[in-house]
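Peer 1: Before anything else, here's the structure in question.
Values in this text are rule-based calculations from the coordinates and carry no lab data. All figures in this text were calculated on a predicted structure; none of them were measured in a lab. Cβ: placed from backbone, ideal geometry, glycine included. Neighbour counts: every protein chain shown.
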């Protein structure tokens, strides 16, 4: 490993998705979409899953593309945390 790592090493599963709700305090709802070819009909099938993730600094806004990492249970439905914001949604100012 190199000595200048900007992001810490992340263990466990990761997902990339779009923030669909940021109304709760320190929590965001992220929609992850995946697509695959159907084995018999060869048609591209899309599916969506919604994850509730921990956002400690309330830095995510609706429309942001974020990377999630699996973590310990934070609450009854929160098992993911926001690792980084990959792309900010246009129209939102950085911290107000």
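Peer 1: Of the listed peptides 73-79, 22-28, what is their order by residue-averaged count of other C-beta atoms within 10 Å, with the highest listed first?
Peer 2: Those peptides, ordered most packed to least, come out 22-28, 73-79.
Peer 1: Could you work out the relative contact order of the range 14-87, using alpha carbon pairs under 8 angstrom and six or more residues apart, expressed as a whole percent?
Peer 2: Value for the range 14-87: 32 percent.
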